[in-house]
Amino acid sequence: ELVDGPPAKTRRLDPESGAELPFPNTKVTFLRPPPPFQKPMPISSFSYDKSRALRFDNSSMRYYAAPPIGAQLSYGYNRWVRRPEEKGRLDGLLTAFSRAKKDNKVNLADVGVVSWRGVMTKILTSPYEERDGWELNVMLEHGTLYLEEHTSDEKVEEKNNIEPRHRTQMYYGYAFESYGTSDTPYRGQTSTSAEPPCWGGDVDTNVQWCSVVRTKLGDTRLLIGGEVDCVREKYTGTTDSFVELKTSMTIRSAQDNARFEKKLLKFYFQSFLLGVPEIVVGFRTPRGEVKEVQSFKTTQLPRLVRGKAGAWDPSMCLDWGCQFISFLKESVVEEKGTVWRVKFVPGNGVRLVKLDETLVEEVVGKEDRVGFLPRWYWDELTE
Ligand code: A3P
Ligand code: MG
Ligand code: MG
């Protein structure tokens, strides 16, 4: 019978080519107890407004409102105000972190990792990822790891010029968020007769409400920021009322079902990492008509997929996440402003290298930064 062996050993190569950490075998049953994950506690929330200005209030927070069956997700596409794609900088999160430190809500010395939720999701789900690789920029300062997604200028350009068909599909997700939310706790008579029922307002992807949570994976305290789609009834300072909205294709065959189960791994960690307890999925046709709406409890998803065709085990991912963090802590040498790069190639594992000056320049550009950290944040760190 296949069972899990001891944790994978880091393979150290010469300093030039870096170090690598191989993946666990996800085909075997995971038997060790998974590392503990502490319930995420919000320490701050903030809003980006229409002009992408960051405000420390809940002005961009939305309330859950049941999205209607039959909703047409292509509605309003031509009025979509699109936020341009940008590099995955930590600036907004660091601003929130800095304020929380001053308010004594969090202690820098305790925090092992600072990152956006999207990055943590990519790390944790990578043992099961067969298609999309990723690259991260890493800094270690005063014992805290900062992780940002590395998006090259070409990649940013590419993301800004995606095919119309993909762009339409992407819009469906945002349109579903409009149908599923309202700017008041009870859906007011905001929709005019010209709009379809339950339309929550035209899509502007500049506008976001974010929560910054403190949590712990194994022995490492994490500070994670991420967008929260909406809350049920009210926000009380905990994650209990958070709701994530997702869309997915309607399921018509066993193969579709296996595909959906696989996809649930990403839905799961995206919500789990921020403590979001509920995921509302709109099942849609290829042309964007909502056929069914189903609510899932985040904590029940692992049990839902267990033993199925598209099965995954969150313990495998959490254990991998711990190994990954230990690997970085052991391999990254703390030097002022040095930037490291982690590259993930599906199936292979991850490789870490120290960036030379030219590559750091490519990361920082002409901006006023130390490594990829904004200068003002760096100055606060070294005060
Ligand atoms: P769906 O995932 O529901 O289709 P989120 O669900 O994280 O709140 O994101 C809202 C929508 O943004 C997604 O809706 C999807 O359309 C789009 N989106 C988010 N991340 C994306 C990515 N990595 N690539 C393409 N589209 C993405
Ligand atoms: Mg969202
Ligand atoms: Mg969503």
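Points to keep in mind about this one:
- Highlighted here are the helices (runs of 4 or more DSSP H) found entirely within segment 109-191 that include at least 1 residues which are within 16 Å of ligand 3 (Cβ to nearest atom): 117-125, 164-179.
- Answer residue from segment 220-233, given it is out of contact with any helix residue (DSSP H, G or I) (no Cβ under 8 Å at 6 or more places or on another chain) and over 27 Å from SER51 (Cβ atoms) and is nearest to ligand 1 (Cβ to nearest atom) among those: ARG232
- Every listed requirement among (1) within 16 Å of the chain's Cα centre (by Cα); (2) within 16 Å of ligand 3 (Cβ to nearest atom); (3) farther than 21 Å from PRO24 by Cβ is met by PHE283 save one, (1).
- Lone qualifier among SER271, SER248 - being farther than 18 Å from GLN169 by Cβ, of a type in the set (Ser, Thr, Tyr) and within 13 Å of ligand 3 (Cβ to nearest atom): SER271
- When restricted to residues that are polar (S, T, N, Q) and surrounded by 15 or more Cβ atoms within 10 Å (Cβ to Cβ), segment 334-353 contains 1.
- Residue within segment 369-376 that is among the small types (Gly, Ala, Ser) and touching a residue at least 12 places away in the same chain (Cβ under 8 Å) present: yes
- When residues in segment 228-252 are screened for being within 16 Å of ligand 2 (Cβ to nearest atom) and more than 16 Å from ILE279 (Cβ to Cβ), 1 of them pass.
- Inspection of segment 197-204 finds a residue satisfying the criterion of being charged (D, E, K, R) and away from ligand 2 (no atom under 11 Å from the Cβ).
- So GLY307, is it under 23 Å from the mean Cα position of the chain (by Cα), farther than 30 Å from CYS210 by Cα, at pLDDT below 95 and more than 16 Å from ligand 3 (Cβ to nearest atom): no
- Top-ranked residue of segment 17-36 - restricted to ones that are of a type in the set (A, V, I, L, M, F, W, C) and touching a helix residue (DSSP H, G or I) at 6+ places or on another chain (Cβ under 6 Å), ranked as farthest from VAL342 (Cα to Cα): PHE30
- Qualifying position, being free of Cβ contacts under 8 Å to residues at least 12 places away in the same chain, away from ligand 1 (no atom under 14 Å from the Cβ) and either among the aromatic types (Phe, Trp, Tyr) or surrounded by 18 or more Cβ atoms within 10 Å (Cβ to Cβ) (or both), among SER253, SER241: SER241
- The residues listed here are GLY88, GLY92; of these, the one that is surrounded by 11 or more Cβ atoms within 10 Å (Cβ to Cβ), closer than 25 Å to PHE242 by Cβ, at pLDDT below 95 and within 25 Å of the chain's Cα centre (by Cα) is GLY88.
- Residues in segment 130-189 that are in contact with a helix residue (DSSP H, G or I) (Cβ under 9 Å, 6 or more places away or on another chain) and of a type in the set (Val, Ile, Thr) were compared, and the one that is farthest from ligand 1 (Cβ to nearest atom) is THR144.
- Criterion (in a loop (DSSP other than H, G, I, E, B) and either under 30 Å from SER326 (Cα atoms) or within 16 Å of ligand 3 (Cβ to nearest atom) (or both)) met by exactly one of GLY200, GLY225: GLY200
- Considering residues of segment 232-245 that are more than 18 Å from the chain's Cα centre (by Cα) and within 16 Å of ligand 3 (Cβ to nearest atom) only, the residue farthest from PRO42 (Cα to Cα): ARG232
- Pair list, Cβ under 6 Å, 6 or more apart: segment 142-171 residue within 16 Å of ligand 2 (Cβ to nearest atom), other residue not in a loop (DSSP other than H, G, I, E, B): TYR171/TYR77
The values are calculated or read from the model by the stated rules, or taken from the named source; none is laboratory data. None of these values were measured; they are calculated from a predicted model. Neighbour counts are summed over all protein chains in view; Cβ atoms, including those assigned to glycine, are modelled from backbone coordinates with ideal geometry.
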